[in-house]
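Please read the structure below before turning to the comments.
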Amino acid sequence: MGLFSFFNRKEGAAGSKALIPETPPLPEIPENIFVETEKPQANYSEQTVTASSVENGITLLFQFLERNHESKGYDDALINPDTMHLQQNIEALKNDLERTIKKIKTFYEDFIREINFHIESRSRSGMVDTVEELTVKKDTALSHIQQILEIEEDAKNDKGLGQGVIISYTRGFRNGLAAISHHSIMKRNF
């Protein structure tokens, strides 16, 4: 008997079945468990930087200003059709606008401080092209700050872009009042 003949032996010995227990075949494992077929997304840090600058920059202010508050005004009128409620909600919207402006101004002030540091350190290192790029970024940030200051001043004087928020909310509130009147009074037959 050869060295490996023990393994090639068929079930000749009575005790050989006891040595090798029969196991049911293993289930088929789907390919998607081990193989990733989707393309990997962009670098996480790039997504974070882009998302945070969009959330804090002038885009945040314009998102707030472009939001339609008419449906909120309509719903508020249906809940509480008191004109005092209208005035309180208008004040709340003005406070939201002011808070958003302060948040964005703080973001740009911090951003400009950081840019100034980079401009100084890169200019000491002789990185002329990088300094020019940073200067362009700084000019863009200063331009955004100027626009924000104009919007803030207009909002304080109840005019300009900030007024659109108040107009849409007031329009919705008045439409809600009209709906209440139409439903409760105008549909009555007498």
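In segment 150-190, what count of residues is obtained for those that are closer than 24 Å to F62 by Cα, touching a residue at least 24 places away in the same chain (Cβ under 8 Å) and aliphatic (A, V, I, L, M)? If you could, list the steps in order and put the result at the bottom.
Start the filter on segment 150-190 by keeping residues that are closer than 24 Å to F62 by Cα, which leaves 150-173.
Narrowing further to those that are touching a residue at least 24 places away in the same chain (Cβ under 8 Å): 151-152, 155, 161-162, 164-166, 168-173.
Within this subset, residues satisfying the condition of being aliphatic (A, V, I, L, M) are 151, 155, 161, 165-166.
Residues that pass the stated criteria total 5.
Rundown of residues vs (1) of a type in the set (G, A, S); (2) assigned to a helix (DSSP H, G or I); (3) modelled with pLDDT of 90 or more, yes/no style:
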{"residue": "I104", "(1), (2), (3)": "no, yes, yes"}
{"residue": "I115", "(1), (2), (3)": "no, yes, yes"}
{"residue": "L134", "(1), (2), (3)": "no, yes, yes"}
{"residue": "E150", "(1), (2), (3)": "no, yes, yes"}
{"residue": "K159", "(1), (2), (3)": "no, no, no"}
{"residue": "I185", "(1), (2), (3)": "no, yes, no"}
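Of the residues that make up segment 56-65, is at least one under 30 Å from H183 (Cα atoms) and of a type in the set (A, V, I, L, M, F, W, C)?
We begin by selecting, within segment 56-65, every residue under 30 Å from H183 (Cα atoms); these are none.
Looking for residues that are under 30 Å from H183 (Cα atoms) and of a type in the set (A, V, I, L, M, F, W, C), one finds none in segment 56-65, hence no.
Looking at N43, N80, N8, N89, which one is out of contact with any Asp or Glu (no Cβ under 8 Å at 6 or more places or on another chain) and modelled with pLDDT of 65 or more? Step through it out loud before you land on a result.
On the way: N43 fails: modelled with pLDDT of 65 or more; N8 fails: modelled with pLDDT of 65 or more; N89 fails: out of contact with any Asp or Glu (no Cβ under 8 Å at 6 or more places or on another chain).
That would be N80, the only listed residue that is out of contact with any Asp or Glu (no Cβ under 8 Å at 6 or more places or on another chain) and modelled with pLDDT of 65 or more.
Within segment 120-143, track down each residue that is touching a residue at least 24 places away in the same chain (Cβ under 8 Å) and among the aliphatic types (A, V, I, L, M). First the steps, then the outcome.
Of the residues in segment 120-143, the ones touching a residue at least 24 places away in the same chain (Cβ under 8 Å) are 138, 141-142.
Listed by number, the residues that qualify are A141, L142.
Check T100, T140 and return the single one that is out of contact with any Leu (no Cβ under 7 Å at 6 or more places or on another chain), assigned to a helix (DSSP H, G or I) and closer than 25 Å to I58 by Cβ. Steps first, please.
Numbers: T100 fails: out of contact with any Leu (no Cβ under 7 Å at 6 or more places or on another chain).
Result: T140 is the single residue among T100, T140 that is out of contact with any Leu (no Cβ under 7 Å at 6 or more places or on another chain), assigned to a helix (DSSP H, G or I) and closer than 25 Å to I58 by Cβ.
When you look at D110, is it surrounded by fewer than 17 Cβ atoms within 10 Å (Cβ to Cβ) and within 25 Å of F62 (Cβ to Cβ), yes or no?
On the way: surrounded by fewer than 17 Cβ atoms within 10 Å (Cβ to Cβ): yes; within 25 Å of F62 (Cβ to Cβ): yes.
So D110 passes the test.
Residue-by-condition table, conditions (1) closer than 20 Å to F64 by Cα; (2) in contact with a helix residue (DSSP H, G or I) (Cβ under 9 Å, 6 or more places away or on another chain):
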site	(1), (2)
I112	no, yes
F117	no, no
E132	no, no
K138	no, yes
A141	yes, yes
L149	yes, yes
G162	yes, yes
Y169	yes, yes
G172	yes, yes
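For residues in segment 113-139 being among the β-branched types (V, I, T) and loosely packed, with under 12 Cβ neighbours inside 10 Å, which is farthest from V165 (Cα to Cα)? It would help to see each step written out before you state the result.
Narrowing segment 113-139 to residues among the β-branched types (V, I, T): 115, 119, 128, 130-131, 135-136.
From what's left, loosely packed, with under 12 Cβ neighbours inside 10 Å: 128, 136.
Working: V128: 44, V136: 32 Å.
That would be V128.
Of all residues in segment 65-104, count the ones that are within 19 Å of F173 (Cβ to Cβ), crowded, with 19+ Cβ neighbours inside 10 Å and hydrophobic (A, V, I, L, M, F, W, C).
4
The values are calculated or read from the model by the stated rules, or taken from the named source; none is laboratory data. Keep in mind that this is a model prediction, so the values were computed, not measured. Heads up, the Cβs are rebuilt from the backbone with ideal geometry, glycines too, and the neighbour counts pull from every protein chain shown.
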